[in-house]
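The values are calculated or read from the model by the stated rules, or taken from the named source; none is laboratory data. Just so it is clear, the structure is predicted and the values come from calculations on it, not from any experiment. Glycine also receives a Cβ, built like all others from the backbone with ideal geometry; neighbour counts cover every protein chain displayed.
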Amino acid sequence: MVKGIIGGLIGGAIGAAIWAAIVHFTHYEVGIVAWAIGALVGIGTAIFAGNSVSPVTGVAAAAIALGSIAGGKFAVVHMIAGKVKSDIHAQVEINDDRAMVSIADQLVEESEKAGKKIEWPKGMTRDEASEQADFPPAIWTDAKARWTAMSPADQDSYKKALAEHAHASLDHAIGQAESEAFFSSFTFFDILWAVLAIGSAFKLGSGDGGGGDD
């Protein structure tokens, strides 16, 4: 039984790796690969279990196939999310203007906490403000004065801290989106292939496919 599980895990790992590799090199997800994973798990289970194949090893193979398919699917989503994350990180640039926007936002927060009324440009709000023209002139003037008063070393440190915060926020957001994308990525055909894979894994893992002697 233990040997059969080991064989099933090996087959599942190989199948999941093949699935991820196909997506990586072709940029397409081929659902039938899930069925192939089930077959590999069943064959691996039967070969390693030898004469001990039974409905019990078939059930084990089916469970491993389901886990391997989920693992392969997650690997595909994680791969895509990693590419998106890399592309977005490459676009993050903190320059002097972006730093002054951050300071201006802090000044707005301080003013609001102090109960001061902010005279925003028409149609603008704090959540939407992203450049000089979006802020009240007095706020921007103060932000620029604070920025220019910093030493070059302090300015570099401030921009570095902003960049680290931006990267951390992006990682968190993409991580949440990745989990949601994993569950929403299962289509009707994915479920169909998974059912066929589980059936094949059970049949082969229990010895009905010729993987062992009755």
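Summary of values
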{"read-out": "Where residue 94 falls short, out of the listed (1) more than 29 Å from the chain's Cα centre (by Cα); (2) hydrophobic (A, V, I, L, M, F, W, C); (3) not in a helix (DSSP H, G or I)", "value": "(1)"}
{"read-out": "Some residue of the stretch 62-85 being outside any helix (DSSP H, G or I), surrounded by fewer than 19 Cβ atoms within 10 Å (Cβ to Cβ) and out of contact with any Lys or Arg (no Cβ under 8 Å at 6 or more places or on another chain)", "value": "no"}
{"read-out": "Lone unmet requirement of (1) out of contact with any Lys or Arg (no Cβ under 7 Å at 6 or more places or on another chain); (2) over 30 Å from residue 20 (Cα atoms); (3) in contact (Cβ under 8 Å) with a residue 40 or more places away in the chain for residue 135", "value": "(3)"}
{"read-out": "Pair list, Cβ under 8 Å, 6 or more apart: the stretch 155-170 residue farther than 17 Å from residue 96 by Cβ, other residue assigned to a helix (DSSP H, G or I) and basic (Lys, Arg)", "value": "170/85"}
{"read-out": "Subset of the stretch 133-145 (residues that are surrounded by 16 or more Cβ atoms within 10 Å (Cβ to Cβ) and either in a helix (DSSP H, G or I) or among the hydrophobic types (A, V, I, L, M, F, W, C) (or both))", "value": "134, 135, 139, 140, 142, 143, 144"}
{"read-out": "Identity of the residue in the stretch 170-207, buried (at least 17 other Cβ atoms within 10 Å of the Cβ) and assigned to a loop (DSSP other than H, G, I, E, B), that ends up modelled with the highest pLDDT", "value": "206"}
{"read-out": "Qualifying residue in the stretch 95-118 (condition: touching a Pro at 6+ places or on another chain (Cβ under 8 Å), over 18 Å from residue 157 (Cβ atoms) and not polar (S, T, N, Q))", "value": "yes"}
{"read-out": "Hits in the stretch 121-162 (condition: modelled with pLDDT under 90 and out of contact with any helix residue (DSSP H, G or I) (no Cβ under 8 Å at 6 or more places or on another chain))", "value": "122, 123, 125, 127"}
{"read-out": "Yes/no for residue 13 being over 17 Å from the mean Cα position of the chain (by Cα) and without any contact (Cβ under 8 Å) to a residue 60 or more places away in the chain", "value": "yes"}
{"read-out": "Filter result for residue 116 (part of a helix (DSSP H, G or I), out of contact with any Gly (no Cβ under 9 Å at 6 or more places or on another chain) and without any contact (Cβ under 8 Å) to a residue 12 or more places away in the chain)", "value": "no"}
{"read-out": "Selection within the stretch 49-105 - touching a residue at least 40 places away in the same chain (Cβ under 8 Å), farther than 21 Å from residue 3 by Cα and among the polar types (S, T, N, Q)", "value": "95, 102"}
